[in-house]
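Trainee: Here's a structure for you.
The values are calculated or read from the model by the stated rules, or taken from the named source; none is laboratory data. For clarity, every value in this text was computed on a predicted model and none was experimentally measured. Glycine gets a Cβ as well: all are built from the backbone with ideal geometry, and neighbour counts include every protein chain shown. In case anyone asks, the SASA skips ligands and DNA or RNA and just uses the protein heavy atoms, side chains included. Shrake-Rupley method; radii C 1.70, N 1.55, O 1.52, S 1.80 Å.
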Amino acid sequence: MLFAMLAAGGLLLCWAGAVYWYFVIVKHSRFHTVGYRLGRVRIVDAYGQTPSRRALSLRLLFAVFGPINIILDILWIPTDPCKQSLRDKLAHTYVVKASAHPAGPARVVYRNYYIMGMAFVFQELEPLGPLRAS
């Protein structure tokens, strides 16, 4: 019985390590994940740089919510002005086309959101001038 529990714990630890490696380490590298390569997108921070591992780790924590995440994304992303998911707002990251260039200067604003009875304040970027197509 003890061996089975240790084996299950070791397997769970290996699985968690593989998930962290793929969704944080590989996304942080220049290689990116298979989905990002196929979709021709990349993840950036507010400065257009690769986000920190800390931000990507925070973003990964949303995976704990599993299927709820998909429902939230379907409802949230089309209505958001920046087309950001909630996990991206929380981690201050943006998923953009791989060929995208910065749209120009922006200012940091803080907006209140009320989601499922809870109040959140998210940091967002607001363009200073008209957006240019990239």
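Trainee: Can you list residue pairs whose Cβ atoms sit under 7 Å apart, with the first residue in segment 87-108 being closer than 16 Å to A63 by Cβ and the second being in a strand (DSSP E or B) and open to solvent by 50 Å² or more (accessible area, probe 1.4 Å)? Count only pairs 6 or more apart in sequence or on different chains.
Mentor: D88/V95
Trainee: Continuing with this model, one more query. Restricting the first residue to segment 1-26 and requiring it to be touching a residue at least 24 places away in the same chain (Cβ under 8 Å), which pairs with a second residue that is open to solvent by less than 90 Å² (accessible area, probe 1.4 Å) and not in a helix (DSSP H, G or I) meet a Cβ separation below 9 Å and a spacing of at least six or different chains?
Mentor: Close Cβ pairs (under 9 Å, with a partner that is open to solvent by less than 90 Å² (accessible area, probe 1.4 Å) and not in a helix (DSSP H, G or I)) amount to F23/T33.
Trainee: A further question on this structure: Can you find, within segment 110-119, the residue that is least open to solvent (accessible area, probe 1.4 Å) among those that are modelled with pLDDT of 90 or more and within 19 Å of the chain's Cα centre (by Cα)?
Mentor: Of everything passing the filter in segment 110-119, R111 is least open to solvent (accessible area, probe 1.4 Å).
Trainee: On to the next question. Please note which helices (runs of 4 or more DSSP H) are completely contained in segment 49-109 and include at least 3 residues that are open to solvent by 70 Å² or more (accessible area, probe 1.4 Å), in contact with a Lys or Arg (Cβ under 9 Å, 6 or more places away or on another chain) and farther than 16 Å from Q123 by Cα. Break it down into steps so the answer makes sense when it comes.
Mentor: Working: elements: 53-60, 67-76, 86-91.
Ranges flagged: none.
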